[in-house]
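To start, the structure itself, in structure tokens.
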Amino acid sequence: MNLVQRVQDILLQPKATWPAIAAEPGDAKSLFMGYVAVLAAIPPLASFVGMVFGGLGMYARMPLLPSLGAALVSYAVSLAMVLLLGFWVDKLAPSFGGTRNPVNAVKVVAYAMTPGFVAGVLNLVPSLSVLGILAGLYGIYLLYLGLPVLMRCPPGKAAGYTTVVTIGGIAAGMVVGAVVAMLTPTMGW
């Protein structure tokens, strides 16, 4: 799998890409190491550069070691979130008429999180990072498209399935955000 091509395909042609993803053999480990680990590094790396070097258009700089610590924690938590949400998607599948499949559950979460990971580059300019919300919304749409294909839920139940997974993801994200915020340096204001 070509990483750049897959990112383009899932972002620009999701309806055609989900069946291709479903047909691919593979395991969660190779997906995790070759795709998730790379893309999940974008937001914390961009945040680190933005905090330490002042980012593009930001003049205040944060201390190196606390910023590095926050970036590492953020990266680790992002990786854990993919696994946690994959577990959640797998466990919920029968409730929405789907078929449990842990590998496909991780696939659907990993690829649905692609817009958020890619939009993490906006963290270079802190004032633009709010646009990541749009990427998150697109990720929810990708999840909605991918659940019927990968988890085999009836299309009529995809909206409910997506909603429950999204609520779980938001709740987990709030907890994660609080942990990362405790470890992120502040300006002391």
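Each reported figure results from applying straightforward, stated rules to the coordinates on display, with no laboratory input. All values reported here derive from a predicted model rather than from experimental measurement. Using ideal geometry, Cβ is built from the backbone for each residue, glycine included, and neighbour counts are taken over all protein chains shown.
Pairs of alpha-carbon atoms within less than 8 angstrom and 6+ residues apart define the contacts here; what relative contact order does the chain have, in percent?
Reported as a whole number, the value is 28 percent.
Remark: the chain is approximated by an ellipsoid whose semi-axes, taken from the C-alpha gyration tensor as √(5λ), come to 31, 17, 14 Å, largest first. Straight Cα distances below 18 angstrom link Lys29 to the lysines Lys107, with same-chain residues fewer than 8 positions distant left out. Pairs of alpha carbons in region 110-155 separated by more than 14 Å make up 51% of all such pairs. With respect to the chain, whose longest principal axis is taken over its alpha-carbon atoms, helix 102-112 is tilted by about 50°.
Each helix, a run of at least 4 DSSP H residues, gives -39500 (n - 2.57); summed and divided by the residues of the chain, these come to -21500 deg cm²/dmol at 222 nm. When peptides 98-111, 31-44 are sorted by average Cβ neighbour count within 10 Å, with the highest value leading, the order is 98-111, 31-44. Listed by chain and number, the lysines whose C-alpha is less than 17 Å from the C-alpha of Lys157, apart from same-chain residues fewer than 8 away, are Lys91.
Overall, the chain carries a charge dipole of about 200 debye about its Cα centre when +1 sits on the Cβ of Lys and Arg and -1 on the Cβ of Asp and Glu, all other atoms neutral. Since only Leu131, Met81, Pro155 are under comparison, the one whose Cα sits farthest along the positive direction of the charge dipole of the chain, derived from C-beta charges on Lys, Arg, Asp and Glu, is Pro155. Assuming charge only on the beta carbon of Lys and Arg (+1) and of Asp and Glu (-1), the dipole of region 12-109 about its Cα centre is about 100 debye to the nearest 20. Highest mean packing comes first when the peptides 74-82, 15-23 are listed by Cβ atoms within 10 Å, giving 74-82, 15-23.
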